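Trainee: Let me begin by handing over the structure; questions about it come next.
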Amino acid sequence: MLLCLSLTEQRQSEIYARLTASGHTLRLSQLQQVLDTLTSDGLVVTRRGWRGAYVHRLAEGEAVEVALN
């Protein structure tokens, strides 16, 4: 999941498209749960973007580096 995120902000639909293109199958509700967990763990930054939609990006720091390794 972390590999489908980037340092630029993405909408959930963009993340979902990257996941499915790489062969992962999951429901949007599952994706939201994973994003919520990763946000709570400090690995993803989530904020309300333009028009009220949430946008997500990969956090920065040692915890993210460890998780990616």
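Trainee: GluC sites (Glu not before Pro), restricted to the chain: which are DSSP loop and have at most 15 other Cβ atoms within 10 Å? All intermediate terms of the calculation are to be shown ahead of the outcome.
Mentor: Values: sites: E9, E14, E60, E62, E65; in loops: E9, E60.
For GluC sites (Glu not before Pro) across the chain that sit outside H, G, I, E and B with at most 15 neighbouring Cβ atoms in 10 Å, the list reads E60.
Trainee: Still on this model: Checking the a/c ratio against 1.5 first, then a/b against b/c, what shape does the Cα gyration tensor give for the stretch 2-68? Don't skip to the answer; put the middle values down first.
Mentor: Numbers: a/c = 1.60, a/b = 1.13, b/c = 1.42.
Since a/c reaches 1.5 but b/c is at least a/b, the shape of the stretch 2-68 is classed as oblate.
Trainee: Contact order normalised by length for the chain, with contacts defined as Cα pairs under 8 Å and 6 or more residues apart; what percent is it?
Mentor: Values: 65 pairs, mean separation 26.9, N = 69.
Relative CO of the chain lands at 39 percent.
Trainee: With a 10 Å cut-off between alpha carbons and a GNM built on the chain, which of T46, T20, T37 moves the most?
Mentor: T20
Trainee: Could you check the spin-label model distance between A17 and E60? Points 7 Å from the Cα along Cα→Cβ, value in nm.
Mentor: That separation, rounded to one decimal, is 2.6 nm.
Trainee: Counting other beta carbons within 10 Å of each residue's own, what order do Y16, Y54 fall into, fewest first? Please list the in-between numbers first.
Mentor: Numbers: Y16 19, Y54 14.
If I rank by nearby Cβ atoms, fewest first, I get Y54, Y16.
Trainee: Moving on to the next point. In the chain, which trypsin sites (Lys or Arg not before Pro) are in a loop and have at most 11 other Cβ atoms within 10 Å, using DSSP for the loop call?
Mentor: Numbers: sites: R11, R18, R27, R47, R48, R51, R57; in loops: R27.
In loop regions of the chain (DSSP not H, G, I, E or B), the sparsely surrounded trypsin sites (Lys or Arg not before Pro) are R27.
Bear in mind that the values in this text are calculations on the coordinates, not laboratory data. Remember, it's a predicted structure, so these values are computed and weren't measured experimentally. Ideal geometry is used to build each Cβ from the backbone, glycine not excepted, and the neighbour counts take in all protein chains shown.
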